[in-house]
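Q: Below is one structure. I have some questions about it.
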Amino acid sequence: MRESNQGIGHQTAVSPDAPAADFERLFNPRAIAVVGASGDLQRIGGQSIPILRDTGYLGAIYPVNPKYPEISGLVCYPDLRSVPRPCDLAIIVVNAVVVPQAIRDCGAAGIPFAIIFSAGFREAGDAGAALEEELKTAAREANVRFIGPNCIGTMNLKDRVYCGFGAGFANSRLKAGPVAFVSQSGGFAFSVVGLADYEGIGFNYVVSAGNEANIGTLDLIAYFLERDDVKVVASYIEGITDGARLRAIGRRALELGKPVLVWKVGNSDIGRAAAESHTASMTAGYALYRTAFDEGGFIEIEDVHDLVDAARAFSSHRLPHGPGVAVVTTSGGSGVLIADACDRQGLELPRLAPDTVRAIEALAPKYATLANPVDLTAQVTADHERVNRVCAHLLADPGIDQLIVRYGGVQGARGAAWANGLAAVVEGSDKPVLVAWCRVPDRAEVSMQVLERHRIPWLLTPTRTAHAAGALYRFARRRERLQAQLARRGDRPVAPQPLELAPGAGTLSEHESHWLLAAYGIPVTRTQLIAPDAIDRLKRVPLAYPLAVKIDSPDIVHKTEAGAVRLSVRNLRALKQAAHDVMGAARRYKPDARINGVLLGEMAQGTEVIVGAVNDRFFGPVVMLGLGGVFTELLQAVSYRFAPFDIDTARAMIHAMPAHPVLTGYRGKPALAIDALADALVRVSLLVADHAARIAEIDINPLFVGADSVVAADALVVLRA
């Protein structure tokens, strides 16, 4: 394994379990000073005051600019010290070089928060990066927190506080709603808000994070998760630098039952290049982000409609207890489409209980399909009462965890009656119910309004409805998994072991690496190290032939490439010859290499896997599992987990590997020693976590998995200073 690339965000690392900061006065300030205010509406400094007024801000506004006595009918102050108190927020729109002084002035004036629109910092090269460091220092000394620089602002739609510029802030009619959106791209964020608003999803808070020189994306997500007026957090992320805190936020989201809809970009080679040019940074490997998302309360999204659908689905505040979905429809084709989409989401359409089938049969028309999906046919289009009674029976089925209803063709008064009747059915159950809308949505349609009032999610297509059901299931399953992990906390197969590691960075030889693994109870092949001058004096070895003969040197990592390996050596004579051969090959390959001797090892058999660990600079200790040999690079069939972890997590890691059937049983072949492999994975995770201060990397390749046991045949450990 190799360490991932550098991440994009520049947030200051904090303790993963640190309490969320209090940003109440940032988003709901009693008064706002606009530093660099202008009367020219074409300038950024001229837009903030009209936007605040036109969108309904009720607090005081203080323009600050020594050039003007008044702006837009407001007294204009020469500096921040002159601004009346209390003033909670400064919007800063001045040349980049004077922004640090503006932050110092905020501190002197008792203004605790700022939003910096000004550009020309890290994104502008070395000089800008130095200026940003000066800005950070000024903020620490002045005790001022700020968003930006190089951002386009924030919105508090609930209290009508629009602190920004540009077209995205010109719409005073945007809908408020229990969603907060934090974005590392400003212009894109507010286009998303507009599109989501068109589909009926409102936001209470929207933030363009800018350069995140002080308040970062993770700070904001953590804050919004704790707010009672936020039920869902969405975030557009190019990269972060504090993987441990990202994981802690995911855990907190599960504890609170509030999902974080994460739009992670810059994952492909092309995407990473675009992100680098956009922020002058690089992205950490996506595999580690995906691992963090999969263990926490994150739902990955890829487009605006994913955000809309997940936000709407989670608005019901109901989570399924399992993967079982019932589908009721008046269109057979839609039912098949939903069934296929559910299968892709990891959901199941179980066989209905006999009592459920009998109850539905008494209500269904003659040619209805009573399997799951339940197709009531178009004959019941006008009979919404029958449809709702069928829904009630499906929700009562013990094998059903959530219900998808593809109905809604009735309109007007009959549509309202159907929606109210469905709401009554839903109230009698704790299971999620989602409606696949079957016609062009009309915001004036009464039935749609009834569904929204009763928090019954409606989705625009059958496939989108199934995707939303999948999001609910994944979140619910992760919550259950977290609760189980917390109940098992503290149970480990080996206590922390003291290791005598040489000082400084460097690579250990294979013999030394085996010793570290053995200290944590990880099975290794039986070996013997022979000093170079003892080869010819060898009479016998306490190992079973055939043997592997290898050079043991911390300076020759790729022994096969050096020609310093001989396999299947079957007797003492051949062993001595092989030992001289690998010694000679090693000296030719790297004449100055430190050579400990020749390592003899018993040959192992089984299916080869690779187990690796890396102390990632952003996420900390991570363990990787994949098929060994050529398949590792060819198939990329690997899975990751953050260390340390328990045995159940290790088993899940094995099953998450795309090629896991090779280990768990394929085409009638028996499963291999999965429990032994899981135990070895746990021990590797403990080794790298216990000694994260010194261990940078571990490679076990191959680890042989047999029918009853596992054994590491080759290992490499890299230390850091």
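The values are calculated or read from the model by the stated rules, or taken from the named source; none is laboratory data. Predicted model, so just to flag it, every value in this text is computed and none were measured. Here Cβ is always computed from backbone atoms with ideal geometry, including for glycine, and neighbour counts include all displayed protein chains. For the accessible areas, the whole protein counts, side chains as well, though only heavy atoms, and no ligand, DNA or RNA atoms are used. Shrake-Rupley method; radii C 1.70, N 1.55, O 1.52, S 1.80 Å.
Q: First check a/c for the chain, with a ≥ b ≥ c the square roots of the eigenvalues of its C-alpha gyration tensor; if it is under 1.5, answer rounded, and if not, answer prolate when a/b is larger than b/c or oblate otherwise.
A: Working: a/c = 3.04, a/b = 1.30, b/c = 2.34.
Cα axes put the chain in the oblate bin.
Q: Order of 652-663, 151-162, 637-648 by packing, highest average Cβ count within 10 Å first?
A: On the way: 652-663: 17.6, 151-162: 22.2, 637-648: 20.0.
Packing proxy ranking, top to bottom: 151-162, 637-648, 652-663.
Q: Calculate what fraction, in whole %, of the accessible area of the chain sits on carbon and sulfur atoms when a 1.4 Å probe is rolled over the protein chains. Present the calculation step by step, with values, prior to reporting the outcome.
A: Working: 15370 of 29960 Å².
Ligands and nucleic acids excluded, carbon and sulfur reach 51 percent.
Q: Considering Cα pairs under 8 angstrom that are at least six residues apart, work out the relative contact order of the chain and quote it in whole percent.
A: On the way: 1571 pairs, mean separation 70.0, N = 721.
Normalised by residue count, the contact order of the chain is 10 percent.
Q: Another question, if that's okay. When DSSP beta bridges are limited to those with both residues in the chain, what percentage is antiparallel, rounded to the nearest 5? Don't skip to the end; give the middle numbers.
A: Numbers: 53 of 101 bridges.
Roughly 50 percent of the beta bridges in the chain run antiparallel, per DSSP.
Q: Once a ≥ b ≥ c are taken as the square roots of the eigenvalues of the Cα gyration tensor of the range 559-615, is the result rounded (a/c under 1.5), prolate (a/b larger than b/c) or oblate (a/b not larger than b/c)? Before the final figure, lay out the partial values.
A: Working: a/c = 2.45, a/b = 1.16, b/c = 2.12.
Oblate is the answer for the range 559-615, as a/c is 1.5 or above yet b/c matches or exceeds a/b.
Q: I've got another one for you. To the nearest 10 square angstrom, what accessible area does residue 375 show with a 1.4 Å probe?
A: It works out to around 30 Å².
Q: Compute the orientation-averaged projected area for the range 567-721 from the convex hull of its Cα atoms and round it to one decimal in nm².
A: 11.3 nm²
Q: Apply the Kirkwood formula to the range 541-656: the hydrodynamic radius equals the inverse of the mean of 1/r over all pairs of different alpha-carbon atoms; give it in Å with one decimal. Don't skip to the answer; put the middle values down first.
A: On the way: mean 1/r = 0.0602 Å⁻¹.
Every distinct Cα pair counted, the radius reaches 16.6 Å.
Q: Which whole-percent values make up P(r) of the range 204-266 when all C-alpha to C-alpha distances are grouped in 10 Å steps starting at zero?
A: All Cα pairs, binned at 10 Å, distribute as 20, 60, 20, 0 percent.
Q: Something else about it: Each residue of the range 83-88 in turn: what ³J(HN,Hα) in whole Hz from Karplus with 6.51, -1.76, 1.60 and θ = phi - 60°, glycine and Pro shown as x?
A: Those phi angles translate into 5, x, 10, x, 10, 9 Hz.
Q: Local charge sum around residue 718 (other residues, Cβ-Cβ under 9 Å, Lys/Arg +1, Asp/Glu -1)? Provide the component values of the computation, followed by the final result.
A: Values: positive: 720; negative: 697, 699.
Once all neighbours under 9 Å are counted, the net charge is -1.
Q: Further question: With θ taken as phi - 60° and the coefficients 6.51, -1.76 and 1.60, list the Karplus ³J(HN,Hα) couplings across the range 523-537 in order, rounded to whole Hz; mark glycine and proline as x.
A: Here the 3J(HN,Hα) series is x, 10, 5, 5, 9, 8, 9, 10, 5, x, 7, 9, 5, 6, 8 Hz.
Q: Based on the mean of other Cβ atoms within 10 Å per residue, sort peptides 232-245, 512-525, 671-684 so the most packed one is first. Can you show the working numbers first?
A: Numbers: 232-245: 24.9, 512-525: 19.9, 671-684: 21.6.
Peptide ranking by packing, descending: 232-245, 671-684, 512-525.
Q: Could you tell me what % of all Cα pairs in the range 43-149 have separations over 16 Å?
A: Cα-Cα pairs in the range 43-149 separated by more than 16 Å: 59 percent.
Q: Now a separate question. At a 10 angstrom cut-off on C-beta neighbours, averaged per residue, how do the peptides 414-421, 609-616 rank from highest to lowest?
A: Details: 414-421: 19.6, 609-616: 24.2.
Answer by packing, highest mean first, reads 609-616, 414-421.
Q: Oh, and also: What whole-number value in Å² describes the accessible area per residue of the chain for a 1.4 Å probe?
A: On the way: 29960 Å² over 721 residues.
Roughly 42 Å² per residue, with all protein chains present.
Q: Here's another thing I want to ask about it. Taking amide H positions as placed 1.01 Å from N in the peptide plane, with prolines and chain starts having none, which residues 5 or more places from residue 91, or on another chain, fall under 5 Å of its amide H?
A: Close amide H contacts, sequence-distant or interchain: 33, 34, 35, 115.
Q: Which one, 701, 472, 424, projects farthest toward the positive side of the charge dipole computed for the chain from Cβ point charges (K/R +1, D/E -1)?
A: Going by the Cα projections, it comes out as 701.
Q: On to the next question. Would you mind classifying the range 400-529 by shape? Square roots of the alpha carbon gyration tensor eigenvalues, ordered a ≥ b ≥ c; an a/c under 1.5 is rounded, otherwise it is prolate if a/b is larger than b/c and oblate if not. Don't jump to the answer; show the numbers that get you there.
A: Working: a/c = 5.04, a/b = 3.66, b/c = 1.38.
It comes out prolate by the Cα gyration axes.
Q: What number, in percent, do you get for the relative contact order of the range 69-138 if the mean sequence gap of Cα pairs under 8 Å and at least 6 apart is divided by its residue count?
A: Values: 80 pairs, mean separation 20.3, N = 70.
Computed value for the range 69-138: 29 percent relative contact order.
Q: Is there a pair in 175/231; 539/590; 550/590; 258/431 whose C-alpha atoms are over 19 Å apart, and which pairs would that be? Show your work: numbers first, answer last.
A: On the way: 175/231 15 Å; 539/590 29 Å; 550/590 15 Å; 258/431 17 Å.
In this structure, 539/590 exceed 19 Å between Cα atoms.
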